[in-house]
Amino acid sequence: MQRQFIGAIYLESDLEEINSKVREFAIVVTAILLVALLLAFVLSAKLQTVISAPIARLARTAEAVSSTTTSRSAPLRHPMTI
């Protein structure tokens with residue numbers, strides 16, 4: 001069978017739909033990251049207070065004990081604390 005040229009096909013493509021999806025994905029990822037960053041900041045601020053308050057209290061007690069000659073103990077904050 002002999003090949004015979006009949007005509008031509010011209011294809012044109014537009015990448016706008018793909019670019020739109022990429023922009024939409026980038027916006028969603030950025031929004032999720034910002035929310036996660038805000039949540040981490042709020043959580044770390046709360047935990048910093050919870051963690052550092054007992055340490056600061058212990059430091060004040062140690063300062064008071066070291067500056068006096070009489071014995072002094074730390075105040076009992078929880079009934080199960082030894």
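The values are calculated or read from the model by the stated rules, or taken from the named source; none is laboratory data. The shown structure was predicted, so the numbers you read here are calculated from the model rather than taken from an experiment. Every residue, glycine among them, receives a Cβ derived from its backbone with ideal geometry; neighbour counts consider all protein chains shown.
Observations on the structure shown:
- Hey, ILE18 surrounded by fewer than 10 Cβ atoms within 10 Å (Cβ to Cβ) and at pLDDT 85 or above or not: no
- Some residue of segment 2-14 being free of Cβ contacts under 8 Å to residues at least 12 places away in the same chain, part of a helix (DSSP H, G or I) and either among the hydroxyl-bearing types (Ser, Thr, Tyr) or loosely packed, with under 10 Cβ neighbours inside 10 Å (or both): no
- Considered as a group, the residues in segment 32-80 that are among the basic types (Lys, Arg) and assigned to a loop (DSSP other than H, G, I, E, B) include one that is modelled with the lowest pLDDT, and that residue is ARG72.
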